[in-house]
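**Student:** I have a structure here, written as C-alpha coordinates, and I will follow up with some questions on it.
The values are calculated or read from the model by the stated rules, or taken from the named source; none is laboratory data. Everything numeric here is computed off the predicted structure, so don't read it as measured data. Here the Cβ is made from the backbone with ideal geometry for all residues, glycine too, and neighbour counts use every protein chain on show.
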(Lines give C-alpha, C1' and ligand atoms only; values in the text may rest on other atoms or scores of the structure.)
Protein backbone atom coordinates (compact mmCIF):
# COMPACT_ATOMS: atom_id res chain seq x y z
CA UNK A 1 0.00 0.00 0.00
CA UNK A 2 1.54 3.35 -0.95
CA UNK A 3 1.94 5.65 2.00
CA UNK A 4 0.52 9.15 1.89
CA UNK A 5 3.01 11.97 1.75
CA UNK A 6 2.22 14.62 4.32
CA UNK A 7 3.46 18.12 3.67
CA UNK A 8 5.40 19.70 6.53
CA UNK A 9 3.13 22.25 8.14
CA UNK A 10 5.98 24.54 9.03
CA UNK A 11 7.00 25.07 5.42
CA UNK A 12 7.18 28.77 4.77
CA UNK A 13 4.01 30.47 3.57
CA UNK A 14 5.30 33.47 1.60
CA UNK A 15 2.33 35.73 2.34
CA UNK A 16 -0.63 34.45 4.30
CA UNK A 17 -3.88 34.88 2.38
CA UNK A 18 -6.08 34.20 5.41
CA UNK A 19 -8.14 37.00 6.88
CA UNK A 20 -10.22 35.14 9.50
CA UNK A 21 -9.56 34.38 13.15
CA UNK A 22 -8.45 37.84 14.16
CA UNK A 23 -9.31 38.64 17.75
CA UNK A 24 -12.14 37.27 19.85
CA UNK A 25 -15.84 38.02 19.30
CA UNK A 26 -17.61 39.74 22.23
CA UNK A 27 -20.65 37.48 21.97
CA UNK A 28 -20.40 33.68 21.75
CA UNK A 29 -22.70 31.28 19.93
CA UNK A 30 -22.80 28.87 22.83
CA UNK A 31 -21.76 28.40 26.41
CA UNK A 32 -20.50 25.23 28.05
CA UNK A 33 -21.83 24.38 31.51
CA UNK A 34 -20.30 21.95 33.99
CA UNK A 35 -23.24 20.73 36.09
CA UNK A 36 -21.00 18.40 38.06
CA UNK A 37 -17.36 17.40 38.14
CA UNK A 38 -18.35 13.79 38.79
CA UNK A 39 -18.12 11.00 36.25
CA UNK A 40 -19.20 7.44 36.96
CA UNK A 41 -16.62 6.11 34.49
CA UNK A 42 -12.82 6.17 34.62
CA UNK A 43 -11.78 6.11 30.97
CA UNK A 44 -8.08 5.60 30.32
CA UNK A 45 -7.70 8.74 28.21
CA UNK A 46 -9.88 11.14 30.22
CA UNK A 47 -8.46 14.65 30.68
CA UNK A 48 -10.75 15.81 33.51
CA UNK A 49 -8.98 16.48 36.81
CA UNK A 50 -11.90 16.26 39.27
CA UNK A 51 -13.94 13.44 37.80
CA UNK A 52 -14.00 11.45 41.05
CA UNK A 53 -15.33 14.41 43.06
CA UNK A 54 -19.03 15.14 43.24
CA UNK A 55 -18.99 18.93 43.10
CA UNK A 56 -22.35 20.05 41.72
CA UNK A 57 -23.01 23.44 40.22
CA UNK A 58 -25.29 25.55 42.45
CA UNK A 59 -28.48 26.78 40.80
CA UNK A 60 -27.36 30.33 41.57
CA UNK A 61 -24.53 29.89 39.06
CA UNK A 62 -26.96 28.85 36.32
CA UNK A 63 -29.22 31.77 37.17
CA UNK A 64 -26.31 34.18 36.88
CA UNK A 65 -25.24 32.73 33.52
CA UNK A 66 -28.81 32.84 32.22
CA UNK A 67 -29.10 36.55 32.95
CA UNK A 68 -26.57 37.18 30.20
CA UNK A 69 -27.41 34.25 27.93
CA UNK A 70 -31.07 35.23 27.77
CA UNK A 71 -29.95 38.59 26.40
CA UNK A 72 -27.54 37.05 23.89
CA UNK A 73 -29.77 34.23 22.63
CA UNK A 74 -32.39 36.21 20.65
CA UNK A 75 -29.64 37.67 18.47
CA UNK A 76 -27.80 34.38 17.81
CA UNK A 77 -29.61 31.68 15.78
CA UNK A 78 -29.45 28.36 17.58
CA UNK A 79 -27.70 29.73 20.64
CA UNK A 80 -26.70 26.61 22.55
CA UNK A 81 -26.17 25.73 26.16
CA UNK A 82 -23.98 22.67 26.22
CA UNK A 83 -24.05 20.52 29.34
CA UNK A 84 -20.71 18.83 29.63
CA UNK A 85 -19.09 17.14 32.57
CA UNK A 86 -17.85 15.31 34.34
CA UNK A 87 -20.83 13.24 33.33
CA UNK A 88 -23.78 15.63 33.23
CA UNK A 89 -26.37 12.94 33.95
CA UNK A 90 -24.50 12.18 37.19
CA UNK A 91 -25.94 15.48 38.44
CA UNK A 92 -29.39 13.83 38.44
CA UNK A 93 -32.52 14.86 36.59
CA UNK A 94 -33.90 17.06 39.33
CA UNK A 95 -30.74 19.10 39.67
CA UNK A 96 -30.04 19.29 35.95
CA UNK A 97 -33.62 20.45 35.40
CA UNK A 98 -33.18 23.16 38.01
CA UNK A 99 -29.99 24.30 36.27
CA UNK A 100 -31.73 24.42 32.88
CA UNK A 101 -34.80 26.23 34.15
CA UNK A 102 -33.45 29.82 34.06
CA UNK A 103 -32.53 29.65 30.36
CA UNK A 104 -34.93 30.91 27.72
CA UNK A 105 -34.96 30.47 23.94
CA UNK A 106 -31.81 28.37 23.81
CA UNK A 107 -30.99 24.91 22.48
CA UNK A 108 -29.84 22.54 25.19
CA UNK A 109 -27.20 20.01 24.26
CA UNK A 110 -25.94 17.16 26.42
CA UNK A 111 -22.76 15.16 25.90
CA UNK A 112 -23.06 11.93 27.86
CA UNK A 113 -21.44 8.54 28.29
CA UNK A 114 -25.01 7.14 28.08
CA UNK A 115 -24.53 4.68 30.93
CA UNK A 116 -27.22 6.24 33.13
CA UNK A 117 -29.81 6.79 30.40
CA UNK A 118 -33.11 5.01 30.86
CA UNK A 119 -36.75 5.70 30.06
CA UNK A 120 -37.19 8.44 32.69
CA UNK A 121 -34.05 10.15 31.42
CA UNK A 122 -35.37 9.94 27.87
CA UNK A 123 -38.59 11.57 29.02
CA UNK A 124 -36.52 14.33 30.59
CA UNK A 125 -34.52 14.81 27.40
CA UNK A 126 -37.69 15.00 25.33
CA UNK A 127 -39.42 17.37 27.74
CA UNK A 128 -36.44 19.74 27.72
CA UNK A 129 -35.88 19.33 23.98
CA UNK A 130 -32.26 18.34 24.54
CA UNK A 131 -30.02 17.40 21.64
CA UNK A 132 -27.99 14.39 22.71
CA UNK A 133 -24.43 13.40 21.96
CA UNK A 134 -23.12 10.10 23.26
CA UNK A 135 -19.53 8.99 23.71
CA UNK A 136 -18.52 5.55 22.47
CA UNK A 137 -15.45 4.45 20.59
CA UNK A 138 -16.82 1.70 18.36
CA UNK A 139 -17.38 -2.03 18.88
CA UNK A 140 -16.31 -3.59 22.20
CA UNK A 141 -12.68 -4.12 21.23
CA UNK A 142 -12.33 -0.42 20.37
CA UNK A 143 -14.30 0.86 23.36
CA UNK A 144 -12.01 -0.92 25.80
CA UNK A 145 -10.61 2.32 27.22
CA UNK A 146 -14.06 3.27 28.48
CA UNK A 147 -14.26 1.50 31.83
CA UNK A 148 -16.05 1.94 35.11
CA UNK A 149 -14.27 2.81 38.33
CA UNK A 150 -13.58 -0.84 38.93
CA UNK A 151 -11.85 -1.12 35.58
CA UNK A 152 -14.67 -3.13 34.04
CA UNK A 153 -15.63 -2.45 30.41
CA UNK A 154 -18.47 0.04 30.14
CA UNK A 155 -19.57 -1.06 26.67
CA UNK A 156 -22.63 -2.99 27.83
CA UNK A 157 -23.81 -0.08 29.99
CA UNK A 158 -23.28 2.37 27.13
CA UNK A 159 -25.25 0.21 24.72
CA UNK A 160 -28.05 -0.15 27.24
CA UNK A 161 -28.35 3.64 27.35
CA UNK A 162 -28.26 3.91 23.58
CA UNK A 163 -31.00 1.31 23.37
CA UNK A 164 -33.11 3.53 25.65
CA UNK A 165 -32.59 6.44 23.25
CA UNK A 166 -33.60 4.28 20.28
CA UNK A 167 -36.61 2.88 22.12
CA UNK A 168 -37.80 6.38 22.84
CA UNK A 169 -37.09 7.74 19.37
CA UNK A 170 -34.54 10.30 20.54
CA UNK A 171 -31.97 11.17 17.86
CA UNK A 172 -28.34 11.27 18.90
CA UNK A 173 -24.90 12.04 17.57
CA UNK A 174 -21.76 10.23 18.65
CA UNK A 175 -18.22 11.12 19.58
CA UNK A 176 -15.55 8.48 19.10
CA UNK A 177 -12.03 8.60 20.47
CA UNK A 178 -9.50 6.81 18.29
CA UNK A 179 -6.29 6.15 20.17
CA UNK A 180 -4.31 4.59 17.33
CA UNK A 181 -5.51 5.65 13.89
CA UNK A 182 -4.11 3.21 11.37
CA UNK A 183 -4.88 1.49 8.09
CA UNK A 184 -7.52 -1.19 8.27
CA UNK A 185 -9.50 0.42 11.06
CA UNK A 186 -11.85 2.89 9.41
CA UNK A 187 -14.25 0.71 7.43
CA UNK A 188 -15.38 -1.36 10.39
CA UNK A 189 -15.55 1.71 12.61
CA UNK A 190 -17.81 3.57 10.21
CA UNK A 191 -19.98 0.50 9.70
CA UNK A 192 -20.45 0.24 13.47
CA UNK A 193 -21.66 3.82 13.79
CA UNK A 194 -23.88 3.62 10.74
CA UNK A 195 -25.52 0.60 12.34
CA UNK A 196 -25.75 2.30 15.71
CA UNK A 197 -28.25 4.77 14.33
CA UNK A 198 -26.43 7.99 15.18
CA UNK A 199 -27.12 10.83 12.76
CA UNK A 200 -23.67 12.36 13.13
CA UNK A 201 -20.22 11.21 14.15
CA UNK A 202 -17.18 13.11 15.36
CA UNK A 203 -13.79 11.43 15.47
CA UNK A 204 -11.40 12.60 18.17
CA UNK A 205 -7.91 11.24 17.79
CA UNK A 206 -6.68 10.83 21.36
CA UNK A 207 -4.94 13.91 22.66
CA UNK A 208 -2.25 14.53 25.22
CA UNK A 209 -4.29 16.75 27.42
CA UNK A 210 -5.17 17.45 31.02
CA UNK A 211 -4.41 14.54 33.26
CA UNK A 212 -3.95 12.30 30.21
CA UNK A 213 -0.20 12.61 29.65
CA UNK A 214 0.14 9.81 27.12
CA UNK A 215 1.96 11.02 24.03
CA UNK A 216 -0.23 11.50 20.99
CA UNK A 217 2.64 11.35 18.51
CA UNK A 218 1.59 9.00 15.71
CA UNK A 219 2.95 7.68 12.45
CA UNK A 220 1.89 10.32 9.95
CA UNK A 221 1.31 8.09 6.96
CA UNK A 222 -0.77 5.67 9.03
CA UNK A 223 -3.00 8.45 10.34
CA UNK A 224 -3.49 9.91 6.87
CA UNK A 225 -4.38 6.47 5.54
CA UNK A 226 -6.94 6.09 8.34
CA UNK A 227 -8.63 9.32 7.23
CA UNK A 228 -8.46 8.27 3.57
CA UNK A 229 -10.12 4.95 4.35
CA UNK A 230 -12.75 6.68 6.47
CA UNK A 231 -13.52 8.89 3.48
CA UNK A 232 -13.93 5.78 1.35
CA UNK A 233 -16.33 4.27 3.86
CA UNK A 234 -18.40 7.45 4.14
CA UNK A 235 -18.56 7.89 0.38
CA UNK A 236 -19.97 4.40 -0.05
CA UNK A 237 -22.75 5.07 2.47
CA UNK A 238 -22.99 8.73 3.53
CA UNK A 239 -25.92 8.29 5.88
CA UNK A 240 -23.94 9.57 8.88
CA UNK A 241 -22.81 13.18 9.05
CA UNK A 242 -19.09 12.58 9.46
CA UNK A 243 -17.75 15.72 11.05
CA UNK A 244 -14.08 15.75 10.19
CA UNK A 245 -14.28 14.31 6.68
CA UNK A 246 -17.19 16.52 5.66
CA UNK A 247 -15.51 19.59 7.07
CA UNK A 248 -12.48 18.77 4.95
CA UNK A 249 -14.72 18.32 1.91
CA UNK A 250 -16.30 21.69 2.52
CA UNK A 251 -12.84 23.22 2.58
CA UNK A 252 -11.80 21.46 -0.61
CA UNK A 253 -14.98 22.62 -2.36
CA UNK A 254 -14.45 26.20 -1.24
CA UNK A 255 -10.85 26.00 -2.42
CA UNK A 256 -11.93 24.90 -5.88
CA UNK A 257 -14.40 27.81 -5.94
CA UNK A 258 -11.76 30.29 -4.80
CA UNK A 259 -13.64 31.19 -1.61
CA UNK A 260 -11.78 29.19 1.00
CA UNK A 261 -10.95 32.33 2.95
CA UNK A 262 -14.65 32.76 3.71
CA UNK A 263 -14.82 29.60 5.80
CA UNK A 264 -12.90 30.64 8.88
CA UNK A 265 -14.87 32.77 11.34
CA UNK A 266 -13.82 36.39 11.23
CA UNK A 267 -13.15 36.27 14.96
CA UNK A 268 -12.72 33.43 17.40
CA UNK A 269 -15.79 32.37 19.34
CA UNK A 270 -15.04 33.07 23.03
CA UNK A 271 -16.78 29.80 24.07
CA UNK A 272 -17.33 30.65 27.73
CA UNK A 273 -17.09 27.55 29.86
CA UNK A 274 -18.67 27.96 33.26
CA UNK A 275 -17.15 25.70 35.85
CA UNK A 276 -19.24 24.26 38.62
CA UNK A 277 -18.45 27.13 41.00
CA UNK A 278 -19.04 29.91 38.46
CA UNK A 279 -15.52 30.46 37.18
CA UNK A 280 -15.41 31.44 33.50
CA UNK A 281 -12.78 30.04 31.18
CA UNK A 282 -12.78 31.43 27.66
CA UNK A 283 -11.69 29.77 24.43
CA UNK A 284 -10.67 26.43 25.84
CA UNK A 285 -13.00 24.34 28.02
CA UNK A 286 -10.26 21.78 28.57
CA UNK A 287 -8.40 24.22 30.82
CA UNK A 288 -11.17 24.14 33.44
CA UNK A 289 -9.90 22.83 36.74
CA UNK A 290 -6.22 23.41 36.03
CA UNK A 291 -3.81 26.08 37.22
CA UNK A 292 -0.29 27.11 36.40
CA UNK A 293 2.15 29.37 38.26
CA UNK A 294 2.48 31.49 35.12
CA UNK A 295 -1.19 31.67 34.10
CA UNK A 296 -3.13 31.18 37.34
CA UNK A 297 -6.36 29.19 37.07
CA UNK A 298 -7.08 30.40 33.50
CA UNK A 299 -10.37 32.01 34.55
CA UNK A 300 -11.42 35.47 33.42
CA UNK A 301 -13.89 36.03 36.27
CA UNK A 302 -16.76 34.48 38.18
CA UNK A 303 -20.41 34.90 37.29
CA UNK A 304 -21.40 35.09 40.97
CA UNK A 305 -19.58 38.41 41.27
CA UNK A 306 -19.57 39.83 37.72
CA UNK A 307 -22.11 39.49 34.90
CA UNK A 308 -20.97 37.02 32.23
CA UNK A 309 -21.40 39.69 29.56
CA UNK A 310 -18.93 41.98 31.35
CA UNK A 311 -16.43 39.17 31.83
CA UNK A 312 -16.49 38.28 28.14
CA UNK A 313 -16.44 41.88 26.92
CA UNK A 314 -13.50 42.81 29.11
CA UNK A 315 -11.44 39.77 28.19
CA UNK A 316 -12.08 40.10 24.48
CA UNK A 317 -11.63 43.87 24.26
CA UNK A 318 -8.37 43.85 26.22
CA UNK A 319 -6.83 40.38 25.93
CA UNK A 320 -4.29 39.72 28.64
CA UNK A 321 -2.36 36.84 30.18
CA UNK A 322 -2.70 33.49 28.51
CA UNK A 323 -5.39 34.76 26.12
CA UNK A 324 -3.07 37.41 24.69
CA UNK A 325 -0.34 34.79 24.38
CA UNK A 326 -2.76 32.47 22.59
CA UNK A 327 -3.79 35.17 20.11
CA UNK A 328 -0.11 35.70 19.35
CA UNK A 329 0.09 31.97 18.73
CA UNK A 330 -2.82 32.09 16.31
CA UNK A 331 -1.07 34.85 14.42
CA UNK A 332 2.11 32.78 14.35
CA UNK A 333 0.12 29.89 12.86
CA UNK A 334 -1.32 32.23 10.24
CA UNK A 335 2.15 33.33 9.23
CA UNK A 336 3.84 29.95 9.23
CA UNK A 337 1.41 27.14 8.42
CA UNK A 338 -0.01 26.36 5.01
CA UNK A 339 -2.96 24.59 6.61
CA UNK A 340 -4.14 27.66 8.52
CA UNK A 341 -7.05 28.31 6.18
CA UNK A 342 -8.45 24.89 7.00
CA UNK A 343 -7.48 24.80 10.66
CA UNK A 344 -7.65 28.33 12.05
CA UNK A 345 -4.73 27.76 14.36
CA UNK A 346 -3.73 25.16 16.92
CA UNK A 347 -6.18 24.82 19.79
CA UNK A 348 -5.24 26.55 23.01
CA UNK A 349 -5.38 23.44 25.19
CA UNK A 350 -3.23 21.43 22.79
CA UNK A 351 -0.59 24.14 22.78
CA UNK A 352 -0.58 24.31 26.55
CA UNK A 353 -0.64 20.60 27.32
CA UNK A 354 1.84 19.69 24.60
CA UNK A 355 4.18 22.69 24.74
CA UNK A 356 3.55 24.34 28.09
CA UNK A 357 2.64 27.69 26.57
CA UNK A 358 0.22 29.27 24.12
CA UNK A 359 2.29 31.15 21.56
CA UNK A 360 3.72 28.08 19.88
CA UNK A 361 2.38 26.72 16.61
CA UNK A 362 1.92 23.21 15.27
CA UNK A 363 0.93 20.48 17.75
CA UNK A 364 0.58 16.75 17.47
CA UNK A 365 -3.17 17.35 17.53
CA UNK A 366 -2.76 19.60 14.49
CA UNK A 367 -0.89 16.84 12.73
CA UNK A 368 -3.30 14.04 13.59
CA UNK A 369 -6.63 15.82 13.27
CA UNK A 370 -6.07 18.63 10.78
CA UNK A 371 -3.07 18.09 8.53
CA UNK A 372 -3.28 14.32 8.11
CA UNK A 373 -7.05 14.55 7.85
CA UNK A 374 -6.89 16.93 4.94
CA UNK A 375 -4.10 14.97 3.30
CA UNK A 376 -6.01 11.72 3.75
CA UNK A 377 -9.19 13.09 2.18
CA UNK A 378 -7.16 14.59 -0.63
CA UNK A 379 -5.39 11.29 -1.16
CA UNK A 380 -8.72 9.47 -1.41
CA UNK A 381 -9.90 12.00 -4.01
CA UNK A 382 -6.76 11.57 -6.07
CA UNK A 383 -7.01 7.79 -6.01
CA UNK A 384 -10.72 7.39 -6.77
CA UNK B 1 -4.53 44.36 -3.90
CA UNK B 2 -1.84 42.51 -2.05
CA UNK B 3 -0.53 39.34 -3.55
CA UNK B 4 -1.28 36.22 -1.63
CA UNK B 5 0.00 32.70 -1.88
CA UNK B 6 -1.79 29.51 -1.00
CA UNK B 7 0.36 26.53 -1.91
CA UNK B 8 -2.19 24.14 -0.45
CA UNK B 9 -4.87 25.48 -2.79
CA UNK B 10 -2.52 24.95 -5.69
CA UNK B 11 -2.10 21.32 -4.65
CA UNK B 12 -5.87 20.88 -4.33
CA UNK B 13 -6.47 22.28 -7.81
CA UNK B 14 -3.65 20.15 -9.19
CA UNK B 15 -5.09 16.98 -7.67
CA UNK B 16 -7.31 16.39 -10.65
CA UNK B 17 -10.99 15.75 -11.31
CA UNK B 18 -11.30 13.36 -8.40
CA UNK B 19 -11.52 16.24 -5.94
CA UNK B 20 -14.31 17.96 -7.83
CA UNK B 21 -16.24 14.71 -8.16
CA UNK B 22 -15.96 13.96 -4.46
CA UNK B 23 -17.02 17.48 -3.52
CA UNK B 24 -20.00 17.27 -5.87
CA UNK B 25 -21.12 14.06 -4.18
CA UNK B 26 -20.81 15.66 -0.78
CA UNK B 27 -22.84 18.67 -1.88
CA UNK B 28 -25.64 16.37 -3.03
CA UNK B 29 -25.60 14.70 0.37
CA UNK B 30 -25.85 18.08 2.10
CA UNK B 31 -28.78 19.15 -0.08
CA UNK B 32 -30.59 15.89 0.64
CA UNK B 33 -30.06 16.30 4.37
CA UNK B 34 -31.37 19.84 4.35
CA UNK B 35 -34.48 18.56 2.62
CA UNK B 36 -35.13 15.94 5.26
CA UNK B 37 -34.44 18.13 8.27
CA UNK B 38 -37.56 17.17 10.14
CA UNK B 39 -36.45 13.61 10.45
CA UNK B 40 -33.04 14.47 11.80
CA UNK B 41 -33.56 17.11 14.42
CA UNK B 42 -36.16 17.27 17.13
CA UNK B 43 -39.78 17.23 15.97
CA UNK B 44 -40.91 20.72 15.14
CA UNK B 45 -37.41 22.06 15.42
CA UNK B 46 -35.79 24.51 13.04
CA UNK B 47 -34.30 23.48 9.71
CA UNK B 48 -31.21 21.35 10.12
CA UNK B 49 -27.97 23.17 9.53
CA UNK B 50 -25.22 20.88 8.33
CA UNK B 51 -22.09 21.25 10.48
CA UNK B 52 -23.56 23.61 13.06
CA UNK B 53 -26.35 21.50 14.48
CA UNK B 54 -24.77 18.13 14.97
CA UNK B 55 -21.94 19.46 17.07
CA UNK B 56 -22.54 23.02 18.23
CA UNK B 57 -19.39 22.90 20.28
CA UNK B 58 -17.35 21.85 17.32
CA UNK B 59 -18.71 23.49 14.25
CA UNK B 60 -16.02 26.09 13.97
CA UNK B 61 -13.54 23.27 14.15
CA UNK B 62 -11.46 25.21 16.58
CA UNK B 63 -11.20 25.24 20.32
CA UNK B 64 -13.82 22.73 21.14
CA UNK B 65 -14.38 20.50 24.12
CA UNK B 66 -14.70 16.79 23.82
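**Student:** Restricting attention to the stretch A:253-274, which residues are on the phi < 0 side of the Ramachandran plot, under 22 Å from the mean Cα position of the chain (by Cα) and at the interface with another protein chain (Cβ under 10 Å from one of its Cβ atoms)?
**Tutor:** A:263, A:264, A:265, A:268, A:269, A:270, A:273
**Student:** When you go through (1) crowded, with 22+ Cβ neighbours inside 10 Å; (2) free of Cβ contacts under 8 Å to residues at least 60 places away in the same chain; (3) within 14 Å of another protein chain (Cβ to nearest Cβ) one by one for residue A:111, which number turns out not to apply?
**Tutor:** Evaluating residue A:111 over (1) crowded, with 22+ Cβ neighbours inside 10 Å; (2) free of Cβ contacts under 8 Å to residues at least 60 places away in the same chain; (3) within 14 Å of another protein chain (Cβ to nearest Cβ) leaves (2) as the failure.
**Student:** List the helices (runs of 4 or more DSSP H) that sit entirely inside the stretch A:282-384 and contain at least 1 residues that are within 13 Å of chain B (Cβ to nearest Cβ), touching a residue at least 40 places away in the same chain (Cβ under 8 Å) and crowded, with 17+ Cβ neighbours inside 10 Å. Spell out how you get there, then give the answer.
**Tutor:** Numbers: elements: A:308-317, A:321-336, A:340-343, A:348-355, A:372-383.
Correct list: A:321-336, A:340-343, A:348-355, A:372-383.
**Student:** Now a separate question. Going through the stretch A:173-198 one residue at a time, which ones are in a loop (DSSP other than H, G, I, E, B) and over 15 Å from residue A:114 (Cβ atoms)? If you could, list the steps in order and put the result at the bottom.
**Tutor:** Keep residues of the stretch A:173-198 that are in a loop (DSSP other than H, G, I, E, B), which gives A:179-185, A:197-198.
A:179, A:180, A:181, A:182, A:183, A:184, A:185 - these are the residues of the stretch A:173-198 that are in a loop (DSSP other than H, G, I, E, B) and over 15 Å from residue A:114 (Cβ atoms).
Yes/no matrix, rows are residues, columns are (1) out of contact with any strand residue (DSSP E or B) (no Cβ under 9 Å at 6 or more places or on another chain); (2) part of a strand (DSSP E or B); (3) surrounded by 23 or more Cβ atoms within 10 Å (Cβ to Cβ); (4) modelled with pLDDT under 95:
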site: A:82; (1), (2), (3), (4): no, yes, yes, yes
site: A:85; (1), (2), (3), (4): no, no, yes, yes
site: A:89; (1), (2), (3), (4): no, no, yes, no
site: A:95; (1), (2), (3), (4): no, no, no, no
site: A:98; (1), (2), (3), (4): yes, no, no, no
site: A:102; (1), (2), (3), (4): yes, no, no, no
site: A:116; (1), (2), (3), (4): yes, no, no, no
site: A:120; (1), (2), (3), (4): yes, no, no, no
site: A:123; (1), (2), (3), (4): yes, no, no, no
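**Student:** When you go through (1) within 11 Å of chain B (Cβ to nearest Cβ); (2) surrounded by 23 or more Cβ atoms within 10 Å (Cβ to Cβ) one by one for residue A:57, which number turns out not to apply?
**Tutor:** Going through the list (1) within 11 Å of chain B (Cβ to nearest Cβ); (2) surrounded by 23 or more Cβ atoms within 10 Å (Cβ to Cβ), residue A:57 breaks only (1).
**Student:** For the stretch B:16-32, how many residues are modelled with pLDDT under 90, facing another protein chain (nearest Cβ under 7 Å) and surrounded by 17 or more Cβ atoms within 10 Å (Cβ to Cβ)?
**Tutor:** Going residue by residue through the stretch B:16-32, those that are modelled with pLDDT under 90 are B:16, B:30-32.
Checking the rest, the ones that are also facing another protein chain (nearest Cβ under 7 Å) come to B:16.
From the residues that got through so far, the ones that are surrounded by 17 or more Cβ atoms within 10 Å (Cβ to Cβ) too are none.
Final tally of qualifying residues: 0.
**Student:** Considering only residues of the stretch A:223-238 that are without any contact (Cβ under 8 Å) to a residue 60 or more places away in the chain and in contact with a strand residue (DSSP E or B) (Cβ under 9 Å, 6 or more places away or on another chain), which is farthest from the other protein chains (Cβ to nearest Cβ)?
**Tutor:** A:233
**Student:** Residue A:289 is checked against (1) in contact with a helix residue (DSSP H, G or I) (Cβ under 9 Å, 6 or more places away or on another chain); (2) at pLDDT below 95 and fails just one. What number does that condition carry?
**Tutor:** The single condition residue A:289 does not satisfy is (1).
**Student:** Restricting to the stretch A:128-158, name every residue that is more than 13 Å from every other protein chain (Cβ to nearest Cβ) and more than 22 Å from the chain's Cα centre (by Cα).
**Tutor:** A:140, A:141, A:148, A:149, A:150, A:151, A:152, A:153, A:156, A:157
**Student:** If I ask for residues that are more than 18 Å from residue A:358 (Cβ to Cβ) and touching a strand residue (DSSP E or B) at 6+ places or on another chain (Cβ under 6 Å), which ones from the stretch A:239-271 would you list?
**Tutor:** Looking only at the stretch A:239-271, we keep the residues that are more than 18 Å from residue A:358 (Cβ to Cβ), and these are A:239-266.
The answer is A:240, A:241, A:242, A:243, A:244.
**Student:** For the stretch A:159-179, name all the residues that are more than 13 Å from chain B (Cβ to nearest Cβ) and touching a helix residue (DSSP H, G or I) at 6+ places or on another chain (Cβ under 6 Å).
**Tutor:** The one that is more than 13 Å from chain B (Cβ to nearest Cβ) and touching a helix residue (DSSP H, G or I) at 6+ places or on another chain (Cβ under 6 Å): A:164.
**Student:** Please go through the stretch A:213-222 and give me each residue that is more than 25 Å from residue A:233 (Cα to Cα) and surrounded by 17 or more Cβ atoms within 10 Å (Cβ to Cβ), ordered by number.
**Tutor:** Correct list: empty.
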